[in-house]
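Asks: Mind having a look at this structure? Questions to follow.
Every number in this text was worked out from the coordinates using simple rules, so none of it is lab data. Just so we're clear, the structure is a prediction, and the values are computed from it rather than from any experiment. Using ideal geometry, Cβ is built from the backbone for each residue, glycine included, and neighbour counts are taken over all protein chains shown.
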Ligand code: 3PG
């Protein structure tokens, strides 16, 4: 299955940075109970891989993906941890080869028309657009939608409840992602109640 199909129906995907793998399961359950069925756990912390493993084993209804994947070697690691999709801020030949070998749905990052077309040639019709706000935001995505209608995007980076609908109203935006739903500060406090509120609001966007 490709990422475009796997993530169909997901409109908001929380991007999370987990410092303590012990927070992974309560966080995933909170998000799921609030109506969000997919999570991107970034490999930016030591705990990232273990967090993916715990969610995959204890919260089977959650689609758990690995984010900030940068090196080919990480692909096999996240696959054995149980990740069902992979997200990267960009792509490299080695990474593209690794996800193809692992048969893992992949959302590669692109910000220029040439990057988008190169990935489209490889069959990637869902691409990450990061950092969205700094790269031209919703206006940029709307503009590329005219000449490149085959590609749909998962913009992330600088998205918040205030601008989420600017993106979600575009035909070429499949879903949006961001850390505002489970901000690191709330996670550190283990404030799952506050996260539940943010997630429920995000699920209604
Ligand atoms: C990502 O990896 O997609 C971003 O770091 C999320 O960006 P945000 O923190 O601005 O939401």
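Asks: Sort the chain into rounded, prolate or oblate with this rule: let a ≥ b ≥ c be the square roots of the eigenvalues of the Cα gyration tensor; rounded if a/c is under 1.5, and if a/c is not under 1.5, prolate when a/b is larger than b/c, oblate otherwise. Before the final figure, lay out the partial values.
Replies: On the way: a/c = 1.89, a/b = 1.21, b/c = 1.57.
The shape class here is oblate.
Asks: If neighbour count is taken as other Cβ atoms inside 10 Å, put 142, 128 in order from fewest to most.
Replies: Details: 142 17, 128 27.
If I rank by nearby Cβ atoms, fewest first, I get 142, 128.
Asks: Once you place label points 7 Å from the Cα toward the Cβ at residue 165 and residue 92, how far apart are they in nm?
Replies: So the two model labels end up 4.1 nm from each other.
Asks: Report the extension gain between residue 25 and residue 100 in nm, rounded to one decimal, defined as 0.36 nm multiplied by the number of residues separating them, less their alpha carbon distance.
Replies: Details: separation 75, 0.36 × 75 = 27.00 nm, distance 2.86 nm.
Roughly 24.1 nm would be gained on extension.
Asks: Could you list 192, 130, 140, 106 so that the one with the fewest beta carbons within 10 Å of its beta carbon is first and the one with the most is last? Working shown, then result.
Replies: Details: 192 20, 130 25, 140 16, 106 28.
Listing 192, 130, 140, 106 from fewest to most nearby Cβ atoms yields 140, 192, 130, 106.
Asks: Could you compute the FRET efficiency for residue 114 and residue 5, with r as their C-beta to C-beta distance and R0 at 22 Å, rounded to 0.05?
Replies: On the way: r = 25 Å, r/R0 = 1.15.
That pair, residue 114 with residue 5, gives E of 0.30.
Asks: If each residue's Cβ is checked for other Cβ atoms within 10 Å, how do 190, 11 rank with the fewest at the top?
Replies: Fewest-to-most Cβ neighbours within 10 Å comes out as 190, 11.
Asks: For segment 25-143, rounded, prolate or oblate, judged on the Cα gyration tensor with a ≥ b ≥ c (square roots of eigenvalues), a/c < 1.5 rounded, else prolate if a/b > b/c? Please list the in-between numbers first.
Replies: Working: a/c = 2.16, a/b = 1.41, b/c = 1.54.
Taking the square roots of the gyration eigenvalues as a ≥ b ≥ c, segment 25-143 is oblate.
Asks: Something else: Just from its helices, what would the mean residue ellipticity at 222 nm be for the chain, if runs of 4 or more DSSP H residues each count -39500 (n - 2.57) and the sum is divided by every residue, rounded to the nearest 500 deg cm²/dmol?
Replies: On the way: 10 runs with 85 residues, N = 205.
So the calculated ellipticity at 222 nm is -11500 deg cm²/dmol.
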